[in-house]
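Just below is one structure, and these are the notes that go with it.
Just so it is clear, none of the values below were taken in a lab; they were calculated from the coordinates. Values in this document were obtained by computation on a predicted structure and should not be read as measured data. Ideal geometry is used to build each Cβ from the backbone, glycine not excepted, and the neighbour counts take in all protein chains shown.
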Amino acid sequence: MNNILVTGGCGFIGSNFVRYLLEESDFSGRVVNVDLLTYAGNMENLADIEKAFPDRYAFVRADICDREHMAELFDEYDIDTVCHFAAESHVDRSIVRPDAFIRTNITGTFNLLELCKDSEDRLALFHHISTDEVYGSLGEKGLFTEDTPYRPNSPYSASKAASDHLVRAYHKTYGLPVTISNCSNNYGPYQFPEKLIPLMILNALEEKALPVYGDGRNIRDWLYVRDHCIAIWTIMKQGQRGETYNVGGDCEMENIAVVEMICDILDELKKSPDGRPRRALITFVKDRPGHDRRYGIDFTKLKQALGWMPEESFESGLRKTIQWYLNNRDWVDRVRSGEYRAWIKTQYGRSWSDPSTPG
């Protein structure tokens, strides 16, 4: 793996992965970051990386659905490895605009697979980043394993399930060297403010309502983004081609417990102006359609086969995340202004911070 194409590398997980690859990992080659820079893509996430690694990092604004342009990039940069993050990824958005999810998540993945097939003489690996949401919803007991049948319940998860199947099919049909990882909910630095944890952090800092869907008892497994990046690189280097690996944080939490923990840590780090506990801001709102009740990840395969374990507990990772948002308010203000604010008003008819739009 000498020339890695990272799709969606200006997004939340993608930018953290590019950072990890160049700053911390044993990778010594070149990273080519392709991102269309839609609402969640931000070149500022990697501005310092571009300066620090001018010979090993390149950014190209491109649409993975534009096969001709992508083919030119494959040849220009002699791409031998693809790490595919680029995706529409917010469930609420998929309910409002499912067409964008079909285009990017399915057609975009298909285009990349076709280009990899055309470049099979030099292709080392196509790694596909997916989600535990493809498995559907769990009851009170049990965990998702790599053998759990797919039962997606939203347009977003259905589009990711389709892309997973395409990747697997290209391995079985054409012998393409692939790996797939299905991860639980990520959190950490550079996450777009519409997602649950950054939304709650920022609303709490601004004394706004903290909107929680339904009864707040929906359960998610939480994974600190740097732990996820280490897992991805471990799978890319050591994973068996054609295999899927679940990546989890070993941390199931009810949504209401997550919000309460954010409130308590913020009260400790930065007291509210009126001295009130921020838990008083919690507001329960109408549940969203198709809201899965519980996700839980069994990552035994990854642990036993490749020796990966998360380094952060939820509390330690959450503290680091909250501190990052406290220290980077300029980044937050820029992300929340301008083009995105106009886009969300057009699509939803309301502001991104409205209590009825929790992440």
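Computed about the Cα centre, the dipole magnitude for the chain is approximately 860 debye when only Lys and Arg (+1) and Asp and Glu (-1) carry charge, each at its Cβ. Over the chain, DSSP H runs of length four or greater, each weighted -39,500 (n - 2.57), average out per residue to a 222 nm ellipticity of -12000 deg cm²/dmol.
When Phe74, Phe53 are arranged by Cβ crowding within 10 Å, least crowded first, meaning fewest neighbours, the order is Phe53, Phe74.
Taking other residues whose beta carbon is less than 12 angstrom from the beta carbon of Gly29, and scoring Lys, Arg as +1 and Asp, Glu as -1, yields -2. For Leu5, the residues whose modelled amide H falls within less than 5 Å of its own, excluding neighbours fewer than 5 places apart on the same chain, are Val32, Asp80, Thr81, Val82, Cys83. The H on the amide N of Val285, modeled in the peptide plane, is under 5 Å from the matching H of Val212, Tyr213, Gly214, each at least 5 residues off or on a different chain. Computed from backbone phi with θ = phi - 60° and the Karplus coefficients 6.51, -1.76 and 1.60, the 3J(HN,Hα) list for region 53-67 is 10, x, 8, 10, 9, 9, 10, 9, 7, 7, 9, 5, 7, 8, 5 Hz; x is used for glycine and proline. Holding the Cα-Cα limit at 21 Å, pick out from Lys208/Lys270; Lys160/Lys195; Lys237/Lys320; Lys117/Lys301 the pairs that are longer than that. Going by Cα-Cα distance, Lys237/Lys320; Lys117/Lys301 fall outside the 21 Å limit. Other residues lying with their Cβ under 14 Å from the Cβ of Met1 contribute a combined charge of +2, Lys and Arg counting +1, Asp and Glu -1.
Rg over Rh for the chain works out to 0.95, both radii taken from alpha-carbon positions and Rh defined as the Kirkwood radius.
All other residues whose Cβ lies under 10 angstrom from that of Ile230 are scored, Lys and Arg at +1 and Asp and Glu at -1, for a net of -2.
For region 95-144, the normalised intensity computed at q = 0.15, 0.20, 0.31 Å⁻¹ comes to -0.64, -0.84, -1.16 (log10 of I(q)/I(0), Debye sum over alpha carbons, equal scatterers, no solvent).
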